[in-house]
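Trainee: This is the structure I have questions about; it appears just below.
The values are calculated or read from the model by the stated rules, or taken from the named source; none is laboratory data. The shown structure was predicted, so the numbers you read here are calculated from the model rather than taken from an experiment. Note that each Cβ is placed from the backbone with ideal geometry, even for glycine, and that neighbours are counted across all protein chains shown.
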Amino acid sequence: MNMNYKFTNNHLFIFLLLFVLLMFSSIFVLSYLKIVNIWSFSQAHVNYSEGFIKRGLFGTLMFFFEEKFYLPTKIFFSTFFMFFYLSNIFLFFALIKKYLSNKLLFIFLALSPTLIMFSFNDLGGYQRLDALSITAILIHALISQKYYEKKIDLNFYQKILFYFIFPFIFISILFHEIQLFSLPFHFFVTWNILKENFFSIVKRYLIFLIPIYLVFFIYPDSESIILMEKNIGERGIYSSAFLFHTKNIGLVHYLNEININILNINNFKMHLLMILLATTPFVLILLYFNKLNLLTSDNEINYKFIFFVTFPYLAGLLIGDFGRWINIMSFTAFGYMSQFPLKGKLNDFKLFSDEIYKFIVNFILLSLTIFYLFFIRIPHCCNLEKLNINLYGGIVNKGISIINVLFNSEEGGLFDLDARFK
């Protein structure tokens with residue numbers, strides 16, 4: 001029997017894909033047993049029963065399936081998010097596969113706490129409609145990559161853009177207006193491909209003025225909101241969450257978020273660090289690829305666009321739940337980077353070297369990377385100083401929690417599912 005076994009790049013790809021799927025499968029199973037995110041589930045009940053209302057499309061669909069197909073809202077809710085998180089995992093791995101020749105880079109992307117593992121590391125970021133923004137970003141990046149690889153022509157790219165990506169974004173905005181902040185990503189990716197002037201591209205994107213108008217200028221009256229709340233009042237949801245976005249939040253909310261996220265020095269420093277973690281790696285990787293002349297594109301690659309497409313997410317500092325914005329910001333920076341295929345092979349990471357100083361540097365780099373990937377998490381929310389929330393956590397802590405639940409190895413109810421989830 002041949003005992004020689006080589007761990008290839010394909011093995012690494014399959015191993016990490018299965019690892020991520022295994023981690024998320026624990027959340028998927030939990031979501032059918034418990035309501036993982038009661039705030040998001042409560043908001044999902046907003047619907048069009050009393051007229052058009054912001055974020056009402058999801059609830060309308062949820063109640064439609066309950067009425068017509070007798071599908072419980074909890075099952076629809078859990079299945080919807082399981083589908084999109086699974087889709088995002090496969091799309092994400094399809095995009096990072098080209099970096100396999102550099103194992104450290106591939107592992108860094110696959111397990112980064114700002115990317116696909118964000119919602120696993122912090123369940124407060126799970127079952128959020130931000131997932132739709134990420135889906136659109138990953139699909140557009142993947143289609144753009146196929147264009148640069150000359151696997152599809154310009155005509156096919158435009159068909160996918162206008163007949164699939166645009167409608168998907170349009171509908172997603174009616175699910176949750178946060179999708180609007182990803183529009184600059186799609187705009188600049190399109191601009192770089194179509195080689196047309198700025199205003200020619202703008203005309204194509206004017207279609208999104210329709211959902212923008214609906215979301216920000218059409219509101220039901222207070223009586224309709226009260227009636228809607230009454231109709232779902234016996235479903236065991238948080239009325240505070242349900243009502244939070246059924247009307248204009250108001251200036252007081254924004255002033256409060258500014259006070260918490262910007263004027264509070266401790267929170268501001270933490271958020272600044274999160275911004276750097278979400279964007280800096282992709283800027284450096286792009287610059288590294290450019291230095292080695294590794295990127296394939298018929299057009300001049302505009303590196304400055306990566307700043308334009310991520311800048312809108314700073315609005316999260318004024319709106320709240322900044323960790324969720326960091327997650328989308330990171331996916332946006334990653335999406336802009338990953339759209340460009342490589343025309344050469346990346347050098348693999350080498351831990352050992354004949355020169356001792358290189359060994360020390362490489363060892364430190366590898367140690368920091370391992371700590372970052374397995375012991376850091378991005379908190380989804382909120383007043384970090386007041387709630388004593390830091391960046392420590394990640395895959396290891398969540399893995400320990402899963403083990404404690406499965407084997408009932410923790411006393412005091414810390415991992416009591418009934419105590420933690422509804």
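Trainee: If a residue must be in a loop (DSSP other than H, G, I, E, B), touching a residue at least 12 places away in the same chain (Cβ under 8 Å) and more than 18 Å from the chain's Cα centre (by Cα), how many such residues does region 170-197 contain?
Mentor: Total meeting the criteria: 1.
Trainee: Now for a separate question. Mind listing just one residue for me: the one in region 141-169 that is more than 18 Å from the chain's Cα centre (by Cα) and closer than 23 Å to Leu57 by Cα and, of those, surrounded by the most Cβ atoms within 10 Å (Cβ to Cβ)?
Mentor: Within region 141-169, the match that is surrounded by the most Cβ atoms within 10 Å (Cβ to Cβ) is Leu161.
Trainee: Right, next: Determine the pairs where a residue that is farther than 11 Å from Phe81 by Cβ and modelled with pLDDT under 95, located within region 24-36, has a partner that is of a type in the set (Phe, Trp, Tyr) and surrounded by 15 or more Cβ atoms within 10 Å (Cβ to Cβ) with Cβ atoms under 9 Å apart, the partner being 6 or more residues away or on another chain.
Mentor: Ser26/Phe120; Leu30/Phe421; Leu33/Phe421; Lys34/Phe421; Ile35/Phe41; Ile35/Phe77; Ile35/Phe421
Trainee: Check region 247-254 and report whether any residue there is more than 27 Å from Asn47 (Cβ to Cβ) and either without any contact (Cβ under 8 Å) to a residue 60 or more places away in the chain or β-branched (Val, Ile, Thr) (or both). Break it down into steps so the answer makes sense when it comes.
Mentor: Taking region 247-254 as the starting set, the residues that turn out to be more than 27 Å from Asn47 (Cβ to Cβ) are 251.
Those left that are additionally either without any contact (Cβ under 8 Å) to a residue 60 or more places away in the chain or β-branched (Val, Ile, Thr) (or both): 251.
Yes: region 247-254 contains one or more residues that are more than 27 Å from Asn47 (Cβ to Cβ) and either without any contact (Cβ under 8 Å) to a residue 60 or more places away in the chain or β-branched (Val, Ile, Thr) (or both).
Trainee: Given the options Phe120, Phe185, name the one that is in contact with a Gly (Cβ under 8 Å, 6 or more places away or on another chain), within 30 Å of Tyr372 (Cβ to Cβ) and among the aromatic types (Phe, Trp, Tyr).
Mentor: Going through Phe120, Phe185 in turn, the sole match is Phe185.
Trainee: Helices (runs of 4 or more DSSP H) wholly in region 1-104 with at least 3 residues that are farther than 28 Å from Phe170 by Cβ - which ones?
Mentor: In region 1-104, the matching helices (runs of 4 or more DSSP H) lie at 9-33.
Trainee: Considering each of Leu91, Leu104, Leu16, Leu22 in turn, give the residue that is surrounded by fewer than 16 Cβ atoms within 10 Å (Cβ to Cβ), of a type in the set (A, V, I, L, M) and out of contact with any Gly (no Cβ under 7 Å at 6 or more places or on another chain). Can you show your working first?
Mentor: On the way: Leu91 fails: surrounded by fewer than 16 Cβ atoms within 10 Å (Cβ to Cβ); Leu104 fails: surrounded by fewer than 16 Cβ atoms within 10 Å (Cβ to Cβ); Leu16 fails: surrounded by fewer than 16 Cβ atoms within 10 Å (Cβ to Cβ).
Matching residue, one of Leu91, Leu104, Leu16, Leu22: Leu22.
Trainee: Being part of a helix (DSSP H, G or I) and either surrounded by 13 or more Cβ atoms within 10 Å (Cβ to Cβ) or at pLDDT 90 or above (or both) is the requirement here; does Leu255 meet it? Step through it out loud before you land on a result.
Mentor: Values: part of a helix (DSSP H, G or I): yes; either surrounded by 13 or more Cβ atoms within 10 Å (Cβ to Cβ) or at pLDDT 90 or above (or both): no.
No, not satisfied.
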